[in-house]
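Q: I have a structure here, written as structure tokens, and I will follow up with some questions on it.
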Amino acid sequence: MAERTKVVVVSGGTAGMGRAVARAERGDRVVAIGSDPVKGRALVDAGRGRIDFLPADLSSIAATRAAIATIRERHPAVDALALFANRVAPARRLTAEGLEQTFALYYLSRYLLSHGLRDHLDRAPAPLIVNVAGVGVRKGRIHWDDLQLARRYRMVGAQLQAGRANDLLGVDFASHGARARYVLYHPGFTRSGDTSPLPPPLRLALRVASVVARPVADSARPIVEWIDTPPAAPLTAMDRARSVPLDTPTLDPATAARLAAATADLLEQATLDERG
């Protein structure tokens, strides 16, 4: 009997580590979600018939939900979901739906994709979600009284909050009995990501620092291995090659449940605003 072809969905799949994972999965059908049609076409051409490009602005709730609906319609099951989409914003920017961009793109899109594809993942023989963020990093916090950072926005603070939110997303998702194994993965400083929004001095500093950064292929390799053979545990946390204990304070289940409730409320309000 021929081996079944896996379906792998990659958010932020047209650049950096997302592109590396999309191109590495040679035997699988890959759905790469991204906002740049030029990069999308190049990825499709490189994939020689096995990569589909799904254009979507994942900072938009509506666009993310539309992408989920498309995937659900085209594929009866999803074997793996790899979450990479992120973009730094030196100044506070709002999406069309009035949400702070970093929170919407880096965290909220991953929440929507994880939960929106859950039943399709559950239909696969060995489903997996990999959320690439900053697990193991203890700096930063959730600003419970100002999730959209309206009162005090800092680029690094916004990234740290969204990264922490992704840690808690994995903790809460794994606690509800889904069949998909959830891996939180911090690849470390990698030669990846779009630095064009950054001020020139910071871009120069990152270029200099990239000399000691990990190559994209090295950071992406564990993800490809997890897609081939998912971990047995419902939740795995890895900071590069180091396992992060699940009793680490940043992975607190009660805090994860609190964020899940706040996120559900936010999405409900956003839906009401859209209809109203």
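Bear in mind these aren't lab numbers, they're just calculated from the coordinates by the rules spelled out. These figures come from a predicted structure and were not determined experimentally. Virtual Cβ from ideal backbone geometry, glycine too; neighbours counted across all protein chains shown.
Q: Of the beta bridges DSSP finds with both residues in the chain, what % are antiparallel, to the nearest 5?
A: Antiparallel bridges: around 10 percent, rounded to the nearest 5.
Q: For the chain, set up a Gaussian network in which alpha carbons nearer than 10 Å are linked by springs, and say which option among R151, R41, R50 fluctuates the most.
A: In the Gaussian network model the winner is R151.
Q: Taking the Cβ of L246 as the center, what net charge do the other residues with Cβ under 12 Å away carry, scoring Lys and Arg +1 and Asp and Glu -1?
A: -3
Q: Calculated FRET efficiency, E97 and D119, Cβ-Cβ r, R0 25 Å, to nearest 0.05?
A: For R0 = 25 Å, the calculated efficiency reads 0.50.
Q: Mean-square fluctuation check for the chain, GNM, Cα pairs under 10 Å: which of A165, A42, A178 is largest?
A: Ranking A165, A42, A178 by mean-square fluctuation puts A42 first.
Q: What net charge is computed for the residues neighbouring D52, neighbours being all others with C-beta under 11 Å from the C-beta of D52, Lys and Arg scored +1, Asp and Glu -1?
A: Within the 11 Å Cβ shell, the charges total +3.
Q: Quick one: what does P(r) look like for the range 230-276 with 5 Å bins over all Cα pairs, in whole %?
A: 5, 17, 16, 17, 14, 12, 10, 7, 4, 1
Q: Taking the Cβ of each residue in K6, K39, K139 as the centre, tally the other Cβ atoms inside 10 Å and list the residues starting with the fewest.
A: K139, K39, K6
Q: If r is the Cβ-Cβ distance from E268 to A126 and R0 is 30 Å, what FRET efficiency results, to the nearest 0.05?
A: For R0 = 30 Å, the calculated efficiency reads 0.35.
Q: Go ahead and estimate [θ] at 222 nm for the chain from helices alone: -39,500 (n - 2.57) per DSSP H run with n ≥ 4, summed, over the residue count, rounded to 500.
A: Computed mean residue ellipticity for the chain: -13000 deg cm²/dmol.
Q: For a quick check: sort M155, M17 by the number of other beta carbons within 10 angstrom, fewest at the front.
A: M155, M17
Q: What does the extension gain come out to for V38 and V156, with contour length at 0.36 nm per residue minus their alpha carbon separation?
A: 39.6 nm
Q: Separate question: Lys/Arg Cβ at +1, Asp/Glu Cβ at -1, dipole of the range 7-275 taken about the Cα centre: which of A213, V130, P90 is farthest positive-ward?
A: A213
Q: For the range 211-230 and the range 151-177, what is the separation of their Cα centres, given in Å?
A: 22 Å
Q: Taking neighbour Cβ counts within 10 Å as the exposure measure, how do L94, L169, L266 sort from fewest upward?
A: The order, fewest Cβ neighbours first, is L94, L266, L169.
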